[in-house]
Amino acid sequence: MSLVSGPGRGGTSAGAVPDELKLAVDNHVKYIQSLDTRQDELEYWLTEHLRLNGVYWGLTALHLLGHPEGLPRDATIDFVLSCQHGSGGFGAAPGHDAHMLYTVSAVQILATIDAVEELDLRGKAGEEQVGKYIAGLQNRETGSFAGDEWGETDTRFLFGAFNALSLLHLLSLIDVPKAVAHVHACANFDGGYGVSPGAESHAGQIYTCVGALAIAGRLDLVDRDRLGGWLSERQLPNGGLNGRPEKLEDVCYSWWVMSSLAMIDRLRWIDGDKLTQFILRCQDREQGGIADRPGDMVDVFHTVFGIAGLSLLSFPGLEAVDPIYCMPKAITSRILSK
Amino acid sequence: MTPPVSNLSNPTGNAYAQLISALHHSDLEGSTILEIDILPSSHSPQLLYEHPALALPKGLLIQLYLTARKLLFSHLASPREETYDAALKATSIVLLWDPNHLTAANFRKRYIRSLSSTWAENGYAEEDGRRLTDAVQRELRFLDSLLTSPLNKHAKASTLWGQRLWIMQNFWAQALEDSSSVEGDTPNKATIKRIMSHWDYELSIVMKAAERHPRNYYAWQYARQLLQLVDGELSPQMKGIRVESLGKAHQWCLMHPRDVSGWGFLVFLMASEETVDGDSDGRRIVRETREWVRKYEWEGESVEWFLKAVGQLQLG
C-alpha cells in the first residue's frame, strides 16, 4: 500500500442529494487496490511515514467490504516483515525507525490474514520478541506507555499495546492493572478521556481509553451515561460527527465516536440514519474512496473509518466490525477464543 | 556540504542548497524565527527568501523533499562519516515537508544526544558544552519556525511537540541557555527570572501555534507537560508563574471563545492547588466569563463546557 490519498473527490453528487444512496462497493475496492500500483507516482514517497498504517487501513476496509482477497497475501506479508527491526518493533516502511504505532499495525495486518506465525518462521524477530518490544515501552511506575525509546507518552500507545498483545496472547508481559489505573486517571468530569491526566476529552483518545478498558475487562470503570451524553453531543445538524466541541464534522469520527458508543452499549444515542447518509455523501462514487467531508479529496484513512462506521450502523452488505479492534469481528472472535 | 547536483543547468540543485541555507540561517543571524509559506504549485519554481520570510511552491518543495529523503535514507542504509552532515541537514527539509516524519526527527535527537555524550566523555569541557547548547538552541528555533508558520499541519504535529518536550526534559539547562551549568543540574540552578521568561516564551509559542491551528490538542498538551516538568522543582515560585499565566490564558480564551483546548488549559491552571488555594483569581475569572457570556449573549459549546468544568472545581 503505497498511496494514501487522492485523486478522487467525495460528494460528486453535491447539491440535491437523494435519500437512498448506495455504497459504491466495487469502486471502493478498486480504489484501495489501485493505491499499491501508483509506485511511480510521487505520492508513493510522500506518505512514507505512515505506509504500514496505510496497509492496515486498506486491508481492513477490503475485508469489511467483503473482498478479503483484494490484496495479494504473500506480497503483504513480505512488505510487513521488511519493516521489522531486530528489536521486534516495526517501522512505517523499510528503513524507518521502529515505533508502537507501526508495530500495532503490523500485528493487526498479520492477524487479519492469519500470518502471525510468519514472525517465527521468517521475521527478524519472533512473536515473543515483538511482545517484549511492546512490553518494554511500559512505564512500570505510572502504567502508561511510550511510543518508542524517546519517551513520548500517549494513551494511543497504551491502547496499541493492549490491542497487539491481546491478539498475540501476550498480555501477561505487561502490568495490566497499572495500565488500567492510568487510563482511569485520564477520565474527565464530562465522562470523556484525554491523552493524559488533566487533558481535555477528545473522541479519538476516548476510543483508545475505552478500548483498553474493554480489553482488560474493566468497562465497569466507565461512567457510561455521562460519556454517552458527551459522545452524543458530537452529532451535528448535517448528521456528521465531530471529535470535540465546536469542531467540524469528519467522517473518521464515525469510527472513534461510534465504536466508543458501541463498547458502552449506547449506539442508539446517535441518529444512525442521519449519520449513514452523511457517510454516504462523503463517497466518491465514481472513482472510489471516502473523504473527511463531502467535496474533499478521498484517502484510505477516511475510507476505512467511514466503512467501519457504516458496519457498526449495520449497513447492509458489510462484514461486522469489532468495535474494540477495528478489525472484522469474525477474525477477532476466532483469534481471541483460542 | 554540497547538494547532490549543483550546476547552473540544474535549478533544483541550486534551490536545494538555498533552502538548506535558509533553514540554517539562524546560525548566523541569531535566534529569529522564520515565517515559512508553502505556495500553490502554480507559482514559478523558485525559493523566495527575505529573512525572516521564506516561501516556495509546493511542487518545488516536493522535489527538494525527494532529494532530501534520498540523502537521509542512503546514509541510514550505510552510515559513513562523510555523508553524516548532509543527512542531518536533509532532515530539516524532510520535516518541512512532513512534520510527522519520525525517522527524521529521531535523527536530530540522536545528533543532540551524541554531542551530550561527547561533552561528558571530554570531562565537560567548555567547548563541547557550548557546542551542545548551540545545537539545542538551533533545534528550538527550528521547531519555533515550523510550529508557528502558516503551514498546513505543522502547528499540531505530535512529533514536533514531542521533540520539543524531549529537549526540555533532557536538556533543560541548555534550553535556558545556561552554558555554565554542569549536566545533572536541576532546574533550580537557573535563576527564577530566567525560568519565568523562558516559560513566557514557551507559552507564546503555544499560543501562536494554537492560532495557526485552532483547538490544537498537542500544543496545549505540551504547555501542561512543560508546566508539570518544572512543578516539583519550583513550588514556591510556581504560584507566580501560574497566577500570571491565568490572566494571559483567560485573555486568549476570550479572544478565541470557540477553542475548547484553550479553555481546557485554563481549567488545568485553575485546578492546580496553588490557584485554588484562597483563589480570588479563579473566582474573578469565572465571574468575568459569566459577565462576558451575558454581554454577548454567547451560546457556544466551549464556553459552556468551561463553566461546567470550573463548577466542578467549586469556583462558582
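The values are calculated or read from the model by the stated rules, or taken from the named source; none is laboratory data. All of these numbers come straight from a predicted model, not from anything done at the bench. Cβ atoms come from the backbone with ideal geometry, glycine included; neighbour counts cover every protein chain shown. Accessible surface is based on the protein model in full, side chains and every heavy atom, while ligands, DNA and RNA are left aside. Shrake-Rupley method; radii C 1.70, N 1.55, O 1.52, S 1.80 Å.
Details
- Karplus-derived 3J(HN,Hα) values for the stretch A:271-284, using 6.51 cos²θ - 1.76 cosθ + 1.60 with θ = phi - 60°, are 6, x, 5, 5, 5, 4, 5, 4, 4, 5, 5, 8, 6, 9 Hz; glycine and proline are entered as x.
- Summed over qualifying helices (DSSP H, 4 residues or more, each -39500 (n - 2.57)) and divided by its residue number, the protein assembly as shown shows a 222 nm mean residue ellipticity of -17500 deg cm²/dmol.
- Global form of the stretch B:18-177, assessed from the alpha-carbon gyration tensor, a/c cut-off 1.5: prolate
- The charge dipole of the stretch A:212-262, taken about its Cα centre with unit charges on the Cβ atoms of Lys, Arg (+1), Asp and Glu (-1) only, comes to about 100 debye.
- Heavy-atom accessible area, 1.4 Å probe, ligands and nucleic acids excluded: residues of the stretch A:177-216 down by at least 30 Å² from chain alone: A:PHE189, A:VAL195, A:GLY198, A:GLU200
- Short to long, the 5 Å bins of the Cα pair-distance histogram for the stretch A:134-228 hold 3, 15, 28, 27, 16, 8, 3, 0 percent of all pairs.
- Comparing A:TRP255, A:TRP150, A:TRP269 in a Gaussian network model of chain A where C-alpha atoms under 10 Å apart are linked, the largest mean-square fluctuation is found at A:TRP150.
- Taking B:THR289, A:THR276 and ordering them by how much accessible surface each has at a 1.4 Å probe, largest first, produces A:THR276, B:THR289.
- Partners of A:LYS132 within straight-line reach, counting aspartates and glutamates whose Cα lies under 15 Å from its Cα and excluding those fewer than 8 residues away in the same chain: A:ASP120, A:ASP148, A:GLU149, A:ASP175.
- Seen from B:ALA87, the other residues with C-beta closer than 12 Å to its C-beta sum to a net charge of +3, counting Lys and Arg as +1 and Asp and Glu as -1.
- Accessible-area composition of the protein assembly as shown, carbon plus sulfur, in percent [1.4 Å probe]: 50
- Springs join every pair of Cα atoms under 10 Å in this Gaussian network model of chain A, and among A:LEU280, A:LEU110, A:LEU173 the largest mean-square fluctuation is at A:LEU173.
- Inter-chain neighbour count for A:96-106: the average number of beta-carbon atoms from partner chains within 10 Å of each residue's beta-carbon is 2.
- Centre separation in Å (Cα based) which lies between the stretch B:69-91 and the stretch A:114-147: 29
- Interface area, B with A, accessible, probe 1.4 Å, both sides summed, Å² nearest 100: 3200
- Each residue of the stretch B:292-298 is assigned a 3J(HN,Hα), and the resulting list reads 4, 4, 5, 4, 9, 6, 6 Hz, derived from the Karplus form 6.51 cos²θ - 1.76 cosθ + 1.60 (θ = phi - 60°), x at Gly and Pro.
- Average accessible surface for the stretch A:80-130: 30 Å² per residue, computed with a 1.4 Å probe over protein heavy atoms with every protein chain in place.
- Ordering A:TYR207, B:TYR296, B:TYR124 by accessible surface, largest first, gives B:TYR296, B:TYR124, A:TYR207; the 1.4 Å probe counts only protein heavy atoms, with every chain in place.
- A loss of 30 Å² or more of accessible area (1.4 Å probe, protein heavy atoms, ligands and nucleic acids excluded) relative to the isolated chain is seen in these residues of the stretch B:69-89: B:ARG69, B:PHE73.
- Extension gain for B:SER44 to B:GLN251 (0.36 nm times residue separation, less C-alpha to C-alpha distance): 70.4 nm.
- For the stretch A:299-329 versus the stretch B:294-310, the spacing of their alpha-carbon centroids is 35 Å.
- Think of the protein assembly as shown as having a plus end and a minus end, set by charges on the Cβ of Lys, Arg, Asp and Glu; of A:GLY95, A:SER259, A:HIS63, A:SER259 sits farthest toward the positive end of this dipole.
- Net dipole in debye of the protein assembly as shown [+1 Lys, Arg Cβ; -1 Asp, Glu Cβ; about Cα centre; nearest 20]: 580
- By the compact-protein rule of thumb, 2.2 N^0.38 Å, the alpha-carbon radius of gyration of the stretch B:116-176 corresponds to a ratio of 1.29.
- Of the trypsin sites (Lys or Arg not before Pro) in the stretch B:65-157, those whose Cβ has at most 16 other Cβ within 10 Å and which sit in DSSP loop: B:ARG80, B:LYS153
- Under a 5 Å amide H cut-off, with hydrogens placed 1.01 Å from N, A:ALA187 pairs with nothing among residues at least 5 apart or on other chains.
- Volume per residue for the protein assembly as shown equals 168 cubic angstrom (convex hull of Cα atoms).
- Amide H partners (placed H, <5 Å) of B:HIS256, local residues excluded: none
- Straight-distance candidates among the lysines for linking to A:LYS22, with alpha-carbon spacing under 17 Å and chain neighbours fewer than 8 residues away dropped: A:LYS30, A:LYS274.
- Burial of accessible area (probe 1.4 Å, heavy atoms of protein chains only) in the stretch B:99-116, relative to its chain alone, reaches at least 20 Å² for B:ASN100, B:HIS101, B:LEU102, B:THR103, B:ASN106, B:LYS109, B:ARG110, B:ARG113.
- Only Lys, Arg (+1) and Asp, Glu (-1) charged, at Cβ; chain A dipole about Cα centre in debye: 580
- For A:GLU152, B:GLU139, the ranking by accessible surface with the largest value first comes to A:GLU152, B:GLU139, using a 1.4 Å probe.
- Residue among A:MET297, B:LEU60, A:PRO177 farthest towards the positive dipole end of the protein assembly as shown, charges placed on Cβ: A:MET297
- Long pairs among A:LYS124/A:LYS338; B:LYS70/B:LYS109; B:LYS89/B:LYS109, criterion Cα-Cα beyond 22 Å: A:LYS124/A:LYS338
- Backbone phi angles across the stretch A:249-265, fed through the Karplus curve with coefficients 6.51, -1.76 and 1.60 (θ = phi - 60°), yield HN-Hα couplings of 5, 8, 4, 5, 6, 4, 8, 4, 6, 5, 5, 5, 5, 4, 5, 9, 6 Hz in residue order; Gly and Pro are listed as x.
- Highest-MSF residue in chain A out of A:THR103, A:THR208, A:THR76 [GNM, Cα springs under 10 Å]: A:THR76
- Of the residues B:GLN221, A:LEU310, A:GLY272, the one whose Cα sits farthest towards the positive end of the charge dipole of the protein assembly as shown is A:GLY272 (charges of +1 on Lys and Arg Cβ, -1 on Asp and Glu Cβ, taken about the Cα centre).
- Once backbone amide H atoms are built at 1.01 Å from N, A:GLU246 has no partners under 5 Å, excluding neighbours fewer than 5 places away on the same chain.
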